Amino acid sequence: MIEIRPLTAHADFREALRLQKEIWGFEDVELLPLRLFVVATKIGGQVLGAFDGQRMIGFCIAIPGLKSGAKSYLHSHMLGVLSEYRDAGVGRKLKLAQREEALARGIDLIEWTFDPLEIKNAYFNLERLGAIVRRYVPNQYGTTSSPLHGGLPTDRCIAEWWIASPRARAMVAGQPFQRNPVETRVAIPADIAAIRSKDPKRAGETQQKASEELRAAFDRGLAVIGFERSQQAGTYLLGKWESN
């Protein structure tokens, strides 16, 4: 059984730092420092760990945010799971624990960023959790040392997870949800991971094309409201967002 529990001890925070290195291959300068984990627990954030017995196998950290109009939310800054535990539902357990804790405090929005070229993450965020996307940020973190980023600009989509919405309630429960009609699509090749490692030029061109198409759709007032997967591509589905 995988257990999710809050992290409060410095020893647990140090283990989360070690997992950052193992999961992403970051250099020390790019690691989230221990003091950020401490601060997050003191100012209304979330620091959760996933454990297999006594072994920490994943973690997530969120910090409180404030939008114009005094709208509070949580920014889920990092979530990672050891490679041997991927596809075992650990990431989902961590996100659902985030949602449950936030709802208990009256928070209705959790946001995070994700790489638009990561098809598996996109499907999880949009179809398993019920998040939407309305914003695209080019090269948000600059070029990093992580081999997972392949030397590409760190372009990011911003996931908005309205955790009390009918969309989120239905999708986390595995129930059907009737979304608005799809008005446009943006496709990513299904083999983008191989393209990244073998053909960086083509990967960069794919990233640029997706950036232009998604940003143009957002400028028209559309949102990513779904995601489809096939043997050929992962496809962002864009249409009008049914507001809460």
Residue span Arg35 to Gln140: 0.36 nm per residue of separation minus Cα-Cα distance leaves a gain in nm of 35.5 nm
Computed E for Gln178/Ile43 - FRET, C-beta separation, R0 45 angstrom, nearest 0.05: 0.70
What does the highest-first list of 154-165, 105-116 look like by mean Cβ count within 10 Å? 154-165, 105-116
Derived scalar couplings ³J(HN,Hα) [the range 202-208; Karplus, 6.51 cos²θ - 1.76 cosθ + 1.60; whole Hz; x for Gly, Pro]: 5, 4, x, 5, 5, 4, 5
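Determine the gain in length on full extension of the stretch Asp28-Lys209; use 0.36 nm per residue of separation and subtract their C-alpha separation, reporting nm with one decimal.
61.9 nm
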Reach of Lys240 by Cα under 13 Å, taken over aspartates and glutamates that are not fewer than 8 positions away in the same chain: Glu183, Asp219
Give the calculated FRET efficiency between Ala216 and Ala193 to the nearest 0.05, with a Förster radius of 30 Å applied to their Cβ-Cβ distance. 0.75
J(HN,Hα) series, the range 41-53, from Karplus relation 6.51 cos²θ - 1.76 cosθ + 1.60, nearest Hz, glycine and proline x: 6, 9, 10, x, x, 9, 9, 10, x, 10, 10, 10, x
Sum up the lysine pairs in the range 21-141 that clear both bars: alpha-carbon distance under 22 Å and a spacing of 8 or more or different chains. 10
Count the net charge of all other residues whose Cβ sits under 13 Å from the Cβ of Arg92, scoring Lys and Arg as +1 and Asp and Glu as -1. +3
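Read-outs: derived from the displayed coordinates by stated rules, not from any lab. All values reported here derive from a predicted model rather than from experimental measurement. No Cβ is skipped: glycine too gets one built from the backbone with ideal geometry, and neighbour counts run over all protein chains shown.
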